[in-house]
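The values are calculated or read from the model by the stated rules, or taken from the named source; none is laboratory data. As the structure is a computational prediction, the values presented were derived from the model and not from experiment. Ideal geometry is used to build each Cβ from the backbone, glycine not excepted, and the neighbour counts take in all protein chains shown. These area figures cover heavy atoms from the full protein model, side chains too; ligands, DNA and RNA do not enter into them. Shrake-Rupley method; radii C 1.70, N 1.55, O 1.52, S 1.80 Å.
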Amino acid sequence: MSPGPPLIELLLLAGGAALLYIGAELLVRGASDLALALGLKASTVGVTVVAFATTTPELFVSLLGAITVSTDTGLGAIVGSNVANIGLVLGVSALIRPLDISDTVLRRHVPFMVLAALLLAGLGWDGRIGALDGIVLLATLVAFTAVIMRRIRETQSTITDAEREVMPDARL
């Protein structure tokens, strides 16, 4: 597909950025409403629902790339997104205000990040990530999610009546 006139391309880019912003706002608002409706703290929903929802664009690009263009497109989207999240998002956030990293994050989250990176490199070493490799990666995701959810259940109570009084009503 050949590129269109530069003005059209810029308008499409601006429109896409605007739609992305609107979608992100709706996602955060919806996740907050979900947390309130279920009696959960917002951080619980942030770790689960928002984390999965923000990965949806990469999943879409990967699936579309695998079906129509090239599997390299999907892998590039995933690796690029992770580098941008770690480098750009954490980097800019740390420039604005230093980030405190709890021992819990270092002990529970970082090992899964390292494991995922090593699995990607190890499973892709032969130049192919197949169905069995996909199962291993999905099993790692399920294990990570289970660890996070168990930790949340152990450490966070539901929203108290006093906390609910000062929060806006959920729109479910």
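Within the stretch 136-145, identify whether any single residue is among the aliphatic types (A, V, I, L, M), out of contact with any Lys or Arg (no Cβ under 7 Å at 6 or more places or on another chain) and modelled with pLDDT under 75, and answer yes or no. No, the stretch 136-145 has no match at all.
The number of residues in the stretch 107-159 being among the β-branched types (Val, Ile, Thr), open to solvent by 80 Å² or more (accessible area, probe 1.4 Å) and closer than 30 Å to LEU38 by Cα comes to 2. Per the listing LEU115, LEU119, LEU132, the residue uniquely within 17 Å of GLY74 (Cα to Cα) and in a helix (DSSP H, G or I) is LEU119. Of the candidates ILE86, ILE67, the single residue that is closer than 30 Å to ARG29 by Cα and loosely packed, with under 13 Cβ neighbours inside 10 Å is ILE86. When the residues of the stretch 60-83 are narrowed to those that are small (Gly, Ala, Ser) and within 20 Å of LEU141 (Cα to Cα), which ends up modelled with the highest pLDDT? The extreme case among them is GLY80. For the stretch 1-59: of the residues being part of a loop (DSSP other than H, G, I, E, B) and modelled with pLDDT of 75 or more, which is farthest from LEU141 (Cα to Cα)? For the stretch 1-59, the residue satisfying everything is PRO5.
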